[in-house]
Amino acid sequence: MGGDLTSYPDRTLNLCQRLIVAENLLDSRIDPVAKSTLLRMARGTKRQRIDALGMVAALKLGQLDQIFGDDEEAISGAFGDFRESYDGGVSVVSASPETPWLCAFVCALCVAAIADGVPGDEVPVCAVCFGMCSRQA
């Protein structure tokens, strides 16, 4: 699939639209400038929406301490750095429709892995994503 985002799940975009809203960004761990940037990203390109969703979901799950950045490129780069260093420390046992941040986190990681063009890196996280989605269907 490489860097082509045209066929990734609409479910992930729906999560972004539902979760990346002003009231969910009322968090002292998100820099005020980054809040504005995240809201712009939530209305931006597909890639920007995935990066914004991944960053906020990681913060809400305690995987990140803070979000800062004054432009879309800085926040997208930070999500890329986070993905490279992520050790899989979030348990997906508790994933359900009642835990939207966990679902959003795994979906964002999965879609970003599919889109990055690195062969095989999507397999572990997509397997988790598939397992979560099939339990919710």
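Readers should treat all values here as calculations from the given coordinates under stated rules, not as data from a laboratory. Note that the structure is a prediction, hence the values are computed from the model and not measured. Ideal geometry is used to build each Cβ from the backbone, glycine not excepted, and the neighbour counts take in all protein chains shown.
For Ile67, the residues whose modelled amide H falls within less than 5 Å of its own, excluding neighbours fewer than 5 places apart on the same chain, are Ile30, Asp31.
Suppose the chain between Glu23 and Val118 were pulled fully straight at 0.36 nm per residue; how much longer would it get relative to their current alpha carbon spacing? Mind dumping the intermediate values first?
Details: separation 95, 0.36 × 95 = 34.20 nm, distance 3.48 nm.
Stretched fully, the Glu23-Val118 segment lengthens by 30.7 nm.
For the peptides 106-113, 44-51, 12-19, 28-35, residues were scored by their other Cβ atoms within 10 Å and the scores averaged per peptide; the highest-first order is 106-113, 44-51, 12-19, 28-35.
Modelled spin labels at Ala74 and Thr45, positioned 7 Å past Cα toward Cβ, are 1.9 nm from each other. First select every other residue whose beta carbon is under 10 angstrom from the beta carbon of Thr37; then total the charges, Lys and Arg +1, Asp and Glu -1. So the surrounding residues net to -3.
Students often check this: by mean Cβ neighbours within 10 Å, which of 20-26, 75-81 ranks highest, and how do the rest follow?
Details: 20-26: 13.6, 75-81: 18.4.
Averaged packing, sorted descending, gives the order 75-81, 20-26.
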